[in-house]
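This report refers to the structure that appears directly beneath it.
The values are calculated or read from the model by the stated rules, or taken from the named source; none is laboratory data. Just so you know, these numbers come straight off a predicted model, no measurement behind them. Here the Cβ is made from the backbone with ideal geometry for all residues, glycine too, and neighbour counts use every protein chain on show.
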Amino acid sequence: MDTSRLSVWSLAIFLALGGPVLALTAEAINTASFTADAAKNAPVRDGLAAGDRKPGRDAGRREDAKSHRDARSHRDTKSRKDAGKPQALIVKVQVLLARRSISPGEIDGMDGENYHKAIAQFRRQNSLGEGDQLDEQTWTALGGPTAGDIVTDYQLTKKDTSARFPRSIPRDYAKQAKMKKLDYTSPEEMFAERFHMSKGLLQVLNPGLKTRKPGDRILVVSIAHGKPNVKVERVEAVKATGMLVVYGANDAILASYPATIGSADTPSPEGEHTVRRIVFNPPYYYDPEKNFQQGRNKKKLVLPSGPNNPVGAVWIALSKETFGIHGTPEPAQVSKSSSHGCVRLTNWDAMELADMLKPGVKVRFVEQTGS
């Protein structure tokens, strides 16, 4: 990897956004390591600690309290800012989880719900006890201490740089139906999805992505891994946790994915069903009488295929009519929003799942794991 290029990119981020906090580099991610530093992560408590209180007059105590409030306000502001920044260790852990088909959804470096759900699933898979926090045992089981490069470079091809994108995808289905393809709307979206990253993380590592030419290199996470080469016995859609869990023989967990599973208005099915068929790069058949009505669209429509199609890159039809497992045009919203009764995954997770399945595999909708 060209480290001088990396340094230039990091400096550009620093100057453009005004601080060292955004200088997240490939080296920082590749060398990130878990350390159990409880004091560093301890929350700021209200009030003064006993050792911080100063004896004396009320004025002294009031001044001391004011200083403490000012300091706490500064720390709280910094904490809120840090909460919105990708962290090197989290990027590394997310990639290590994804390589084991325990998906964290978008790899974004953020300390979010899908990240912790993936850790909890990995711990269950490896008999490391309940919990959704990273610890030394989990870090070791993931292979963190011996992991190779997490971030690598990718050389752009002529096809990459000559791609043309629609300016936007209209929300109205009638307008979408008139388009030739519901494609990506930017290079950032295309590369982010290809490498299972959030656009935010991709942009932090690669400022100026739109101006690149063939032969240029960009920094991406390395998520390549082989799919489990074993027979899938069943799939469980766990409503309480928003997870899709794939099981092999003897209840072995083969894979898991964060998922949006129905909603209060349009709940997902109950009980057990089977995979009926799998369609890659599908068109979307809109029928307001069978499913739901979008806006003022009261007629049937056929929307073209593409990653920004309402069902994304793949449709896994179930034996219960109109229900299925599918991708999404909004990977950042998986497990965080509602669906119209189906099971929604990121496009890459839906593709991986589809490669593991075949018609006839059982799909169970359950409230809790093992229920």
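Just a few scattered comments:
- Wholly enclosed helices (runs of 4 or more DSSP H) of the range 34-134 bearing at least 2 residues among the basic types (Lys, Arg) and at pLDDT below 50: 58-83
- Among (1) surrounded by fewer than 15 Cβ atoms within 10 Å (Cβ to Cβ); (2) more than 23 Å from ASN347 (Cβ to Cβ), the one test that ALA163 misses: (2)
- Test: residue in the range 223-234 that is of a type in the set (A, V, I, L, M, F, W, C), modelled with pLDDT of 95 or more and surrounded by 20 or more Cβ atoms within 10 Å (Cβ to Cβ): no
- Per-region count, the range 230-247, residues in a loop (DSSP other than H, G, I, E, B) and more than 12 Å from GLY262 (Cα to Cα): 5
- The one condition from (1) closer than 23 Å to ARG364 by Cα; (2) buried (at least 18 other Cβ atoms within 10 Å of the Cβ) that GLY306 does not meet is (1).
- Taking the listed residues ASN206, ASN229, the one that is under 21 Å from SER103 (Cβ atoms) and out of contact with any helix residue (DSSP H, G or I) (no Cβ under 6 Å at 6 or more places or on another chain) is ASN229, with no other qualifying.
- Residue in the range 150-166 that is among the basic types (Lys, Arg) and either assigned to a loop (DSSP other than H, G, I, E, B) or in the same structural domain as TRP348 (by TED's automatic domain parsing) (or both) present: yes
So that you can scan it fast, the table gives a plain yes or no per residue for (1) assigned by TED's automatic domain parsing to the domain that holds ASP172; (2) buried (at least 17 other Cβ atoms within 10 Å of the Cβ); (3) polar (S, T, N, Q); (4) in a strand (DSSP E or B):
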residue	(1), (2), (3), (4)
THR266	no, no, yes, no
PRO269	no, yes, no, no
VAL275	no, yes, no, yes
ARG296	no, no, no, no
GLY341	no, yes, no, no
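- Exactly one residue out of GLY295, GLY262 is modelled with pLDDT under 95 and farther than 17 Å from LYS320 by Cα, and it is GLY295.
- The set of residues in the range 197-240 that are touching a residue at least 60 places away in the same chain (Cβ under 8 Å) and over 27 Å from ALA147 (Cβ atoms) comprises GLY208, GLY215, VAL232, GLU233, ARG234, VAL235, GLU236, ALA237, VAL238, LYS239, ALA240.
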